[in-house]
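In what follows, a structure is listed as structure tokens, so that the remarks can point back to it.
The numbers here are math on the coordinates, done by the rules we state, and not lab data. These numbers come from a predicted model, not from an experiment. In this analysis, Cβ positions are derived from the backbone assuming ideal geometry, glycine residues included, and neighbour counts consider all displayed protein chains.
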Ligand SMILES: [Zn+2]
């Protein structure tokens, strides 16, 4: 393999490249910035343009920082169809995730920078020798400097102890407040709130059904009873729903709390996935018009896991 072939296809930084002969000589790249991705030898026309290569590097770098697993780049998205363990995601879908408006640029730059800080108020180091400009969604070094200057003038960052090789910046209190608000709005969340009946008969459905389905899809399941809480359970519950990207409402046992939590999440504009045990379907119909919500009906934890995983992949971006 030539030196050139050991570079990341998107950001050009040194990376591990492995041939996958079983997949018509696709390559698996492992880049410190863009993470792990599989690219077909044929490539994609749209990715020949430098501008699109750069956009792709920014989006993949952001996904890596957010803790998403790698991707197999494809013409269309089929997350449940794995290539060497990586979900197929369309190139166009990823390119469309590049920020468009000034507000999006600002929010996502702040979120990226916050992910580089081990603790609030610790120094963030940015190098011009490495593709650190990906964090700023900007190809041009001059523009990077302009952005940092603008952030500084807006009171969002201040100078740390910079050296010749690297710039060190510190996010200000104002920045951390914005970041916390963005995280609470859950656009970026990996959490899934699970509203269900806490009964011993439901234990296996959670442990072997819901939890593995959520994790396989790349999210974290949050159940309020499994956490330590004080007497303000309701505040805690509302805060967790706000922090979650979507909610799974299991109506088995017809608990009123589940109806409340599902309604609250819907009111916040969150996606809600409805599930119910087969034995409870008739009872549920007496209380609730289930047809409009297309419930997942299951008869075993395995059945629930499979159906729920497919539903998450199909409906949650
Ligand atoms: Zn890269």
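Give me the angle, in degrees from 0 to 90, between the Cα long axis of helix 141-153 and the longest principal axis of the Cα atoms of the chain, rounded to the nearest 10.
With both axes taken from Cα atoms, the answer is about 60 degrees.
Can you put 150, 62 in order of Cβ neighbours within 10 angstrom, beginning with the fewest?
So the residues, fewest neighbours to most, are 150, 62.
In deg cm²/dmol, rounded to 500, what helix-only [θ] at 222 nm does the chain give when every DSSP H run of at least 4 residues adds -39500 (n - 2.57) and the total is split over its residues? Display every interim value, and only then the final one.
Values: 10 runs with 112 residues, N = 317.
Value at 222 nm, helices only: -11000 deg cm²/dmol.
Once you put a point 7 Å from the Cα of residue 294 and another 7 Å from the Cα of residue 42, both along the Cβ direction, what distance in nm separates them?
Here the modelled spin labels are 3.0 nm apart.
Enter the Cα centre distance for the pair segment 138-180 and segment 242-317, rounded to the nearest angstrom.
Here the two parts' Cα centres lie 43 Å apart.
Most exposed first by the Cβ proxy, i.e. fewest other Cβ within 10 Å, how do 272, 194, 281 rank?
Least to most surrounded, the residues fall as 281, 272, 194.
What is the distance, in nm, between label points placed 7 Å from the Cα along the Cα-to-Cβ direction at residue 13 and at residue 119?
Here the answer is 2.5 nm between the modelled labels.
Which value, to two decimals, describes the C-alpha radius of gyration of segment 41-140 once divided by 2.2 N^0.38 Å?
It is 1.17.
Based on the Cβ-Cβ distance from residue 84 to residue 220, what FRET efficiency comes out when R0 is 22 Å, to the nearest 0.05? Walk me through the intermediate numbers first.
Details: r = 24 Å, r/R0 = 1.08.
E(calc), rounded to 0.05, equals 0.40.
Hey, what angle do you get for helix 102-116 against the long axis of the chain, alpha-carbon based, 0 to 90 degrees rounded to 10?
90
From the P(r) of segment 3-95, can you give the percent of Cα pairs sitting at distances over 16 Å?
Of all Cα-Cα distances in segment 3-95, 51 percent exceed 16 Å.
Could you please tell me the mean projected area of the C-alpha convex hull for segment 191-315, averaged over all directions and given in square nanometres to one decimal?
Taking the Cα atoms of segment 191-315, their convex hull projects to 7.2 nm² on average.
Where does segment 102-184 land on Rg/Rh, using Cα atoms and the Kirkwood Rh?
0.93
As a footprinting exposure proxy, order 295, 287 by other Cβ within 10 Å, with the fewest listed first.
Sorted ascending by nearby Cβ count, the order is 287, 295.
Under the classification rounded if a/c is under 1.5, otherwise prolate if a/b is larger than b/c and oblate if not, where does the chain fall, given a ≥ b ≥ c as square roots of the Cα gyration tensor eigenvalues?
Since a/c reaches 1.5 but b/c is at least a/b, the shape of the chain is classed as oblate.
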